[in-house]
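The values are calculated or read from the model by the stated rules, or taken from the named source; none is laboratory data. Keep in mind that what you see is a predicted model, and the values were worked out from it rather than measured. Positions of Cβ are generated from backbone atoms using ideal geometry, with glycine treated the same way; all protein chains shown enter the neighbour counts.
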Amino acid sequence: MLPDCLSAEGEHRCRRLLAPATARLRAWPAAAAVLVPLCSVRGVPALLYTLRSSRLAGRHKGDVSFPGGKRDPADQDVVHTALRETHEELGLVVPEDHVWGILQPVYDQNKTTIAPVLAGVGPLDPQSLKPNPEEVDEVFALSLAHLLQMENQGYTHFRKGSHYHYTMPVFLHGPHRVWGLTAAITEFALQLIAPGAYQPRLVISGLPRV
């Protein structure tokens, strides 16, 4: 059964569990940050995702991601990076007091550190957002109920050369496949938000931990 993660009690529990890591990581010199937006779409708890523009440079163009990007020298900390990038990409203003805390950082193939910032953004219609077309092709939400169904969960083995390197989750059967670091962050969020309802099908391995 899906817990009432959007209740005041659910938010308080998540904030309390994230508080130690948030205090330690908030001013940590991560190279980038993303916002993990927990929202309510027509009354249904969901996570908000973006589809990166196919016009962007780099290997991640056209991928599903959370809103976010590289830290700017003027950013006070990783929370401000995530909030600023979300506003720039989606036109969505998320007040700082809506931030619940910082999830476990992840690292890309270039060892770039990415800090995921979980925030409750309240009721939201993804179609009402006006994303920056230079950065985002599409905005969509996946309900927690969808993400928690085992038939929508899988995994991907990554290789380095001819050798097995690491395994990460993948979430299927939505408008777009959620994989890579975005899927790993999704799994971290689900483990926190719905600990009784989410049982990971695999252990994420090969990712360094802070």
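Give me a count of the residues in the stretch 93-102 that are touching a helix residue (DSSP H, G or I) at 6+ places or on another chain (Cβ under 6 Å) and either within 22 Å of GLU135 (Cβ to Cβ) or free of Cβ contacts under 8 Å to residues at least 12 places away in the same chain (or both).
At the first step, the residues of the stretch 93-102 found to be touching a helix residue (DSSP H, G or I) at 6+ places or on another chain (Cβ under 6 Å) are 93-94, 99-102.
Next cut, either within 22 Å of GLU135 (Cβ to Cβ) or free of Cβ contacts under 8 Å to residues at least 12 places away in the same chain (or both) only: 93-94, 99.
Count: 3.
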If a residue must be over 16 Å from SER53 (Cβ atoms) and not acidic (Asp, Glu), how many such residues does the stretch 117-134 contain? 11
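Only one residue in ALA27, ALA46, ALA21, ALA32 is touching a helix residue (DSSP H, G or I) at 6+ places or on another chain (Cβ under 9 Å), closer than 25 Å to GLY196 by Cβ and not hydroxyl-bearing (Ser, Thr, Tyr), so which one is that?
Only one candidate passes the filter, namely ALA46.
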Members of the stretch 33-56 found to be closer than 21 Å to TYR107 by Cβ and modelled with pLDDT under 95, listed by number: ARG52, LEU56
Anything in the stretch 33-42 that is over 20 Å from ILE114 (Cα atoms) and either outside any strand (DSSP E or B) or not small (Gly, Ala, Ser) (or both)? List them, or say none. CYS39, VAL41, ARG42
Working only within the stretch 9-32, note down all residues that are modelled with pLDDT under 90 and either part of a helix (DSSP H, G or I) or of a type in the set (A, V, I, L, M) (or both). ALA27, ALA30
Here's a check for you: in the stretch 73-92, which residue that is touching a helix residue (DSSP H, G or I) at 6+ places or on another chain (Cβ under 7 Å) and surrounded by fewer than 24 Cβ atoms within 10 Å (Cβ to Cβ) is farthest from PRO126 (Cα to Cα)? ASP75
Considering only the stretch 3-27, state which residues are crowded, with 16+ Cβ neighbours inside 10 Å and in contact (Cβ under 8 Å) with a residue 60 or more places away in the chain. PRO3, CYS5, LEU6, GLY10, GLU11, CYS14, LEU18, ALA21, THR22, LEU25, ARG26
Cβ-Cβ distance below 9 Å, separation of 6 or more or different chains: which pairs start in the stretch 192-204 with a residue that is on the phi > 0 side of the Ramachandran plot and of a type in the set (Val, Ile, Thr) and end on one that is part of a loop (DSSP other than H, G, I, E, B) and at pLDDT below 80? none
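Condition test on VAL106, is it of a type in the set (Val, Ile, Thr) and modelled with pLDDT under 95?
Details: of a type in the set (Val, Ile, Thr): yes; modelled with pLDDT under 95: yes.
Yes; evaluated as a whole, the condition is true for this residue.
Counting just the residues of the stretch 94-107 that are part of a loop (DSSP other than H, G, I, E, B) and touching a strand residue (DSSP E or B) at 6+ places or on another chain (Cβ under 7 Å), which one comes out nearest to THR186 (Cα to Cα)? Please lay out each step first, then the result.
Here is the first cut: in the stretch 94-107, the residues part of a loop (DSSP other than H, G, I, E, B) are 94-95, 103-105.
Now drop any that are not touching a strand residue (DSSP E or B) at 6+ places or on another chain (Cβ under 7 Å), which leaves 94, 103, 105.
Working: VAL94: 19, LEU103: 10, PRO105: 12 Å.
Per the stated criteria, the residue is LEU103.
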